[in-house]
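Presented below is the structure to which this report refers.
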Amino acid sequence: MSYIQKKLVSNPQDITKMYRITKWVLFNELILLGIALAIFIAGFIGPLRWPRAWSPFGLMSIIGGILAIIMLIALIVELIRRSSIEIAVTTTRLIGKKGVLRIEVLDRQLGHIDFLKVRMSIIGRIFGFGQVTIGSNNKEYVYKMVSKPLDLQRTVNAQLDQSLKTGSGAAKKTTAADSDE
């Protein structure tokens, strides 16, 4: 159960959709960890193939091991960061949370959101992630590498349309002009 479901929403059935950071944030760390492990293993295999030749394989395994430890720590930090960011759209509110030790929470009625801007790079379009900026009360909340940001914008617009039809508040629809597509 997520932080938003436990602490911020009184009825978890009100949540329309939940959004998290994409898994692609781990890509760089995994690639570099693989390279470091390859250097580490090559440092051990090298002396077995060429036992009499002078070679820096011992140094290679030490450097590869240190790099592997550093990249493993970076991977763990990125996993914690990924799990600490979430966005939820309920029937009446948009809720966002980021942080582990110092938590920043966005909790706004859908009608009080000034804008919702989506930015996607070419890589983001291919793999389905982007930056979401939510403006409310002269403050901007930025969530980077959000998975399916256009779906988030469609969900917010659908909830705003539904609240306009039911007359449950002065809602303002975010338009395509608000997004950088």
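Scanning region 89-100 for residues that are farther than 18 Å from Val142 by Cβ and part of a strand (DSSP E or B) returns Thr90, Arg93.
Return the residue satisfying two criteria in turn: it lies in region 101-124 and is assigned to a loop (DSSP other than H, G, I, E, B) and buried (at least 18 other Cβ atoms within 10 Å of the Cβ), and of such residues it is farthest from the chain's Cα centre (by Cα). Across region 101-124, the extreme among qualifying residues is Ile113.
Take region 71-86 and flag every residue that is over 10 Å from the mean Cα position of the chain (by Cα) and buried (at least 20 other Cβ atoms within 10 Å of the Cβ). The one that is over 10 Å from the mean Cα position of the chain (by Cα) and buried (at least 20 other Cβ atoms within 10 Å of the Cβ): Met71. In this structure, Arg49 does not satisfy being at pLDDT 70 or above, over 22 Å from Phe127 (Cα atoms) and charged (D, E, K, R). For region 125-159, name all the residues that are in a helix (DSSP H, G or I), surrounded by fewer than 20 Cβ atoms within 10 Å (Cβ to Cβ) and not hydroxyl-bearing (Ser, Thr, Tyr). Scanning region 125-159 gives Arg125, Ile126, Phe127, Leu150, Asp151, Arg154, Asn157, Ala158. Is it true that some residue in region 73-81 is of a type outside the set (A, V, I, L, M) and outside any helix (DSSP H, G or I)? No, because not a single residue in region 73-81 is of a type outside the set (A, V, I, L, M) and outside any helix (DSSP H, G or I). The residues of region 125-157 that are among the small types (Gly, Ala, Ser) and without any contact (Cβ under 8 Å) to a residue 24 or more places away in the chain, listed by number, are Gly130, Gly135.
The values are calculated or read from the model by the stated rules, or taken from the named source; none is laboratory data. Nothing here was measured: the structure is a model prediction, and the numbers come from that model. FYI the Cβ positions are ideal-geometry reconstructions off the backbone, even for glycines, and counts take in every protein chain you see.
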